[in-house]
Structure formats: structure tokens, C-alpha cells
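Structure first, then comments.
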Amino acid sequence: MNEAALQVLGLRKVYANGKTALAGVDLQVAQGAFHALLGPNGAGKSTLINILADTVRPTSGLAKMLGRDVFRERSWCKRHLGVVPQEVAFDPFFSPVEILRITSGLFGCRPDESWIRELLERLGLAEHAYKNTRQLSGGMRRRLLVAQALVHRPALVVLDEPTAGVDVELRRSLWSFMRELNRSGTTILLTTHYLEEAEQLCDHVTIIDGGQVVADRSMRELMEVVAGRYLFLGYGDAFELSEADARALSAFRPRVMSGGVCLHLGGQGGEDLGFHRVYEAAVSRLGIPRKVEIRQEDLEDVFIRLTGHARKEKSTS
Amino acid sequence: MNSLNPYGAWTLFLRETRRFLKVHMQTVVAPALTALLYVLIFRYAMGSRTVPGLGVDYLTFLIPGLVMMAMLQNAFANTSSSIIVGKVMNVHIYLLMAPLSAMEIILALVASAVVRAFIVAAAILAALWAFVDIPLSSISLVMLYGLCGSMLMAGLGIIAGIWAEKFDDIALISNFVIMPLTFLSGVFYSVAQLPPFWQQVNRYNPFFYLIDGFRHGFVGVGDTDPYASIDLVAGATGLCMLACWLLWRMGWRMKP
């Protein structure tokens, strides 16, 4: 079996102020994966990434990159890792081109000018290459961070919120670039707040909350097994579900919604009930509906259900 | 095993060097001008007096001390400001993320500070050459003390930078520790001129040995035996480098 690009075991981090950011996280990123690491704010994503980047010290636990111990073979692992940190900051003394050359050098590689040019072009920075970084817009700086993480051609790229503050068009071009890199063999670990992007791009998802893993599956599995599927039957605004009907359909967890009823089809870890079985049972009690829809939870719904994040936010506001 | 990254250390050295060269008015020209002003002022204030006990012309005595003082202060400023600017602007993470060992980072930072110290020294001497006759008794003493002094101060600058959380902290150390110690270490006078108590106090000031030994290399006389105190100076420098290395490795005040 191939070594995992990244393997994290029982990683814990308690900060000096006593706050537990990671309460024993296990994570495995396969080589060549496009892996999403999701979680609400304060879930511990950045702490995990910063520990890998060596800007935060772990309290305990293990991490391996391509089979090598990250904490014992730091230099080797760092050479094969490119991290896009969440906070944008640059040395004010240098231009983008100089920053990329310096970063390349710090990673022990003589600057590859054609690769640097390609990075600047692909990330829409070519015309700003010689400006002072202070003259760049927020979105440009974030793209420069991406270029900086890629300049030494790492085998594993970790992106911590790379598209925050980047407009739609550039986000799209950034993603197509990441996809291309991924296809040519680069493993990518991504955190993002744009869940629809994660759903489109990533083939594996790990969701953490409160410093712990709450879901870890392939994207397909997550959407087939964990995401709920529902059958919505529309009967008009006057519709009411009698107690007898509710009891008869209880296997399908009926919920009355505006103008109809919603029945559980499958997912959420349960067995697949099958459209026909649910539909026929409903029709035999309620009659032919005027409208039939199949509704499917998307990644965002699943995320909210697993982390209870949206509810938490509401209750605190 | 950790793999070595000499090219990375070299790049860091170049980065640090280019950083101070980009603002050379502030880092090279200004210290040279300050030294020149000191010399002009003391020339008129003191006339052509000789230093009691040493029999050397006062200006000839003063200049090597000024040069060394500038070297010490600039070496300290180079490393301390680089680290604190990095921390305040949050760009120090790129250094932490790079595949460089603590040893490589310390070496590169110190080397760049030493280069700055020597460039400043050369600038001051070049500016003064026209006005004063500067003897040179032993080039190896000058180089040895110049090197040890600037390495020691670069190391202290690293420790100060690691410890500091804001620019104020560095200014505090510069103004209340480094400045008094360098000013009171026999740059402007021979220790023999001091009352016995203060002579004794000066024996515990490390900068006193640095400045006296460095001056010895130019004028050939001094308050101490520079060949005897080289052990002390080299030892202090070595200890300081060791402390820098340990602190950086621990990630003290750099990595939460």
C-alpha cells in the first residue's frame, strides 16, 4: 500500500492559556487526494495546519508525511510541504518576484525563473511582479501567498482559507489551477468556508469540531450515506397531516412543510428506503400529490447538522 | 536525520543583508555621520590633549572606540530589528516554516549583522581618514575583536528580538542597557582616569574589554592586555551563540 501523504495520530494542542484547540485528532490524507478539512471557526483547523507548518508546537501526538516523522525530520518534511497560511503578511522590503525568489532559496532550491513566471501568470500577478507588496490589493496578496507556497514544488500543499477575499472569477481560476496541480500528482489539503467549492473539488472530507473529528469519509460516501434524501409531496396550502396518517407513515419520519409533507428516503446513516416504497405508501394514505420533488442535503446541510454550527451561532446572537 | 540546507542559510543571509542595504542611509551613512560629528566636537572641545597614562593623542584614542561602539550598536540593531519587525508584521512565520535548522538561522542572522558592523566600521574610518591620522598596530587584533564584538551583539540582538513583543521592548533594551554599557565602557576616556571604585565596576562590563582590545589593535596600548582577555571575549561570544541556538530551537516566545 502507498504511504499516506499525511497521517496525523492523536494530535493534541493545549495553548498556554489552557484552551484546548485539538483534543486528539486523527487524520489521514492519501497521496494524490484533494482533501477537505472543514469545521466551524475555532474548531482547530488552523492549529492543526500551524503545527504541521512548525509555527505552533504540538502538546502531544504524532504526524507523518510520506512515512517520515514530521516532528523528528522537520527539514525533510518542510521541503515537501507548502502551506498557505490564513493570515496575509509580507516583508515590506521586497516585491512579489523577490519574495518568490527568496522563498525558493530558503527552501533550498535555486529560483526556477520559468516556474516563478508561470506561477505569477497563473495567479494573475504577472503585471504586479515588480511592485511593492504594499501596493497590492487584498486578493492579490492572498494569491501571492499561494504562489509562495508552491514555489518549491511541494508534494503536499495545505491551503488555509485561500479564497477569503478573492473575487469569484479569480477564485475560479485559482481552483482550476489547483485541480491541474492535483491531477499532476500534488496532494492538496484544503480548508474553506465555501462549502459548495469543497463539494465540487474535494474527493475526501474530514469535518472537525471542538478539536475533534466528527466525520471522515470520501465525498461520495458522505453525500450518499450521511447526507439525507427526502421526498417532498405537494398537496396545496390547505394540507394537514392527520394523526392516523402520521402514525401510518412514521417509518418515513414525515414532516409537514408549507403546502405538503416531507418524507425520509435515505441517507443519514440509515438504509435506503427506495423511492417507490415511500411514494406508494404515501399515495395510498394521502392520494395523488400535485407536486413531487426529491430533496438532497448538500455538504452545507450535512456540515451544519454534524457541527450544530448554525444553531450555535443563532443561540449566541 | 535532518538534512542540511546551506543554500537556504545563504539565501537568508542575503535577504538580511539586502534588507539593511536597501535602507543604507539609516543603517550605514547615519552611524558614520554620528561618529564624524563626535570627532569634530571633541576636536574643538579637547584640543590636542593626550590621554593620561597612555600617552596617546586624544582623538587617536577616541576614534577606535567610536568605531567599535558603532559596530556593537549596529550588530545589535540588525538582528533585533529583523526579528521584531517579523514578529510584529507576522512575517516571522515564513522563517519558521522554512526547512532551516536553528543553527542555520542563527548563523545566517549573525553573519549578516557582522557584515553590517564591518561596513559601518569601514564607512566611519573612511569618513575620518581625511581629518585624522589613524594608526594601525595589529590588524589581527582589530579583526578578532571586531568579529567577536559584533557576533556577541548580534547574538544579544537575537535574544532581545525573540524576547520582545513590540518595538518598544527593543527600544527599552537599546536605550537602557546597550547604550549606557557602551558609553560607560571607556570609549571617551581611559579607565585609568576613573576613581578606583568605578575602575573596579568597569572590570565587570563586557563592552569594556571589547572596546579596549579593539582600540589596542589600532593604537598599540590600552588599559588591559588584549591577548589575555581574548579568552573571556571569545567565551562570552560562544555562550551567547549557544543561548541563541537553544532559545530558537525551543521556539521560546516564537511558537505558541
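Helix A:168-183: angle to the longest alpha-carbon principal axis of chain A, degrees 0 to 90, nearest 10?
That helix lies at roughly 80 degrees to the long axis.
Cβ under 15 Å from B:Leu4's Cβ, B:Leu4 left aside: what net charge do those residues give with Lys, Arg +1 and Asp, Glu -1? Write out the running numbers ahead of the final one.
Numbers: positive: A:Arg74, A:Lys78, A:Arg79; negative: A:Glu73, B:Glu104.
Within the 15 Å Cβ shell, the charges total +1.
Straight-line reach from B:Lys22: which aspartates and glutamates fall under 17 Å, measuring Cα to Cα and dropping same-chain residues less than 8 apart?
A:Asp91, A:Glu98
For chain B, what is the mean residue ellipticity at 222 nm derived from helices alone (per DSSP H run of n ≥ 4: -39500 (n - 2.57); sum divided by total residues; nearest 500 deg cm²/dmol)?
On the way: 11 runs with 183 residues, N = 256.
Rounded to the nearest 500, the figure is -24000 deg cm²/dmol.
Quick check: the angle from helix B:102-129's long axis to the longest principal axis of chain B, C-alpha only, nearest 10 degrees?
For helix B:102-129, the angle is close to 30 degrees.
Of all trypsin sites (Lys or Arg not before Pro) in the range A:114-147, which ones are in loop regions per DSSP and have a Cβ with at most 15 other Cβ atoms within 10 Å? Write out the running numbers ahead of the final one.
Numbers: sites: A:Arg117, A:Arg122, A:Lys131, A:Arg134, A:Arg141, A:Arg142, A:Arg143; in loops: A:Lys131.
Here the sparse-neighbourhood loop sites are A:Lys131.
Mind putting a number on the dipole of the protein assembly as shown about its Cα centre? Charges go on the C-beta only, +1 for Lys and Arg and -1 for Asp and Glu, and I need it in Debye to the nearest 20. Show your work: numbers first, answer last.
Working: 54 positive and 50 negative charges, 90 e Å.
So the dipole magnitude of the protein assembly as shown works out to roughly 440 debye.
Quick one: check the C-alpha center-to-center distance for the range A:143-178 versus the range A:1-54, whole angstrom.
19 Å
Using a simple charge model, +1 on the beta-carbon of Lys and Arg, -1 on the beta-carbon of Asp and Glu, nothing else, what dipole does chain B show about its Cα centre, in debye to the nearest 20? Don't jump to the answer; show the numbers that get you there.
Details: 14 positive and 11 negative charges, 132 e Å.
Using only the charged Cβ atoms, the result is roughly 640 debye.
Across the residues of A:53-66, average count of Cβ atoms on other protein chains within 10 Å? Don't jump to the answer; show the numbers that get you there.
Values: counts 4, 7, 11, 5, 5, 0, 0, 0, 0, 0, 0, 0, 0, 0.
The shielding value for this peptide is 2.
Mind checking the mean number of beta-carbon atoms from other chains within 10 Å of the Cβ atoms in B:4-10? Walk me through the intermediate numbers first.
On the way: counts 2, 8, 1, 7, 9, 3, 3.
The mean count of partner-chain Cβ atoms within 10 Å per residue comes to 5.
Rank B:Val114, A:Cys202, B:Thr224 by how far each Cα sits towards the positive end of the charge dipole of the protein assembly as shown (+1 on Lys, Arg Cβ; -1 on Asp, Glu Cβ) and give me just the farthest.
Positive-end residue among those listed: B:Thr224.
Determine which residues of the range A:61-100 fall in the zone a paramagnetic label at A:Ser184 would reach in this model, i.e. backbone nitrogen under 16 Å from the point 7 Å along Cα→Cβ.
Taking a point 7 Å out along Cα→Cβ of A:Ser184, the residues of the range A:61-100 whose backbone N falls under 16 Å are A:82.
When the label point is put 7 Å from the Cα of A:Thr20 along its Cα-to-beta-carbon vector, which residues of the range A:209-236 have a backbone N closer than 14 Å?
A:209-213
For every helix of n ≥ 4 consecutive DSSP H residues, a contribution of -39,500 (n - 2.57) applies; sum these over chain A, divide by its total residues, and give [θ] at 222 nm rounded to the nearest 500 deg cm²/dmol. Write out the running numbers ahead of the final one.
Numbers: 11 runs with 107 residues, N = 317.
Helix-only estimate at 222 nm: -10000 deg cm²/dmol.
Excluding residues fewer than 8 places away in the same chain, name every one of the lysines whose C-alpha is closer than 27 Å to that of A:Lys45.
Output for A:Lys45: A:Lys13, A:Lys19, A:Lys64, A:Lys78, A:Lys312, A:Lys314, B:Lys87, B:Lys255.
With charges only on Cβ, +1 for K and R and -1 for D and E, what is the dipole size of chain A about its Cα centre, in debye, rounded to 20?
Numbers: 40 positive and 39 negative charges, 160 e Å.
In total the dipole reaches around 760 debye.
Helix B:226-250 against the longest principal axis of chain B: what's the angle in degrees, Cα atoms only, rounded to the nearest 10?
Taking the Cα atoms of chain B, the angle to B:226-250 is about 20 degrees.
For chain B, what does the relative contact order come out to in percent, with C-alpha contacts under 8 Å and a separation of six or more? If you can, show how the numbers build up before the last one.
Values: 332 pairs, mean separation 71.2, N = 256.
Across chain B, relative contact order equals 28 percent.
Can you pull out the chymotrypsin sites (Phe, Trp or Tyr not before Pro) in the range B:184-218 whose DSSP state is coil and whose Cβ has at most 13 other Cβ atoms within 10 Å? Kindly include the intermediate steps, with their values, before the conclusion.
On the way: sites: B:Phe188, B:Tyr189, B:Phe197, B:Trp198, B:Tyr204, B:Phe207, B:Phe208, B:Tyr209, B:Phe214, B:Phe218; in loops: B:Phe188, B:Tyr189, B:Tyr204.
Qualifying residues, ordered by number: B:Tyr204.
Along the Cα→Cβ direction, 7 angstrom out, place labels at B:Tyr189 and B:Thr50. What is the inter-label distance in nm?
Result for the modelled spin labels: 2.0 nm.
Would you mind working out the accessible area per residue for the range A:228-296, using a 1.4 Å probe, and quoting it in Å²? Each step should come with its number before you reach the end.
Details: 3980 Å² over 69 residues.
About 58 Å² of surface per residue is accessible.
Stretch A:Thr59-A:Asp272 to full length: gain in nm at 0.36 nm per residue minus the Cα-Cα span? Walk me through the intermediate numbers first.
On the way: separation 213, 0.36 × 213 = 76.68 nm, distance 4.27 nm.
72.4 nm is the gain from fully extending A:Thr59 to A:Asp272.
Per residue of A:92-101, what is the mean number of Cβ atoms on other protein chains within 10 angstrom of that residue's Cβ? Walk me through the numbers before you get to the answer.
Numbers: counts 3, 8, 4, 0, 0, 0, 2, 3, 0, 3.
Mean shielding count: 2.
Provide the per-residue ³J(HN,Hα) series for the range A:186-196, in order, calculated from phi with Karplus coefficients 6.51, -1.76, 1.60 and θ = phi - 60°, each as a whole number of Hz, with x at glycine and proline positions.
6, 7, 10, 10, 10, 10, 7, 8, 8, 5, 5
Quick one: of the DSSP bridges fully inside chain A, what percent are antiparallel, nearest 5? Could the numbers behind the result be given before it?
Details: 36 of 52 bridges.
The antiparallel fraction comes to roughly 70 percent.
Pop out the ³J(HN,Hα) list for the range A:42-51 in order, Karplus 6.51 cos²θ - 1.76 cosθ + 1.60 with θ = phi - 60°, rounded to Hz; leave Gly and Pro as x.
x, 6, x, 4, 5, 4, 4, 5, 5, 5
Contact order normalised by length for chain A, with contacts defined as Cα pairs under 8 Å and 6 or more residues apart; what percent is it?
That works out to 19 percent.
Can you tell which of A:Ala248, A:Ala282, B:Ala130 lies farthest toward the positive end of the dipole of the protein assembly as shown, using +1 and -1 charges on the Cβ of basic and acidic side chains (Lys, Arg; Asp, Glu)?
Working it through, the farthest residue towards the positive pole turns out to be B:Ala130.
For the range A:6-218, build the charge dipole from Cβ charges (+1 Lys, Arg; -1 Asp, Glu) around the Cα centre, then report which of A:Val8, A:Phe107, A:Thr133 sits farthest towards its positive end.
Farthest towards the positive end: A:Phe107.
The values are calculated or read from the model by the stated rules, or taken from the named source; none is laboratory data. Owing to the predicted nature of the structure, the values given are computational and were not obtained by experimental measurement. Here Cβ is always computed from backbone atoms with ideal geometry, including for glycine, and neighbour counts include all displayed protein chains. Side chains included, ligands, DNA and RNA excluded: accessible areas come from the protein's heavy atoms. Shrake-Rupley method; radii C 1.70, N 1.55, O 1.52, S 1.80 Å.
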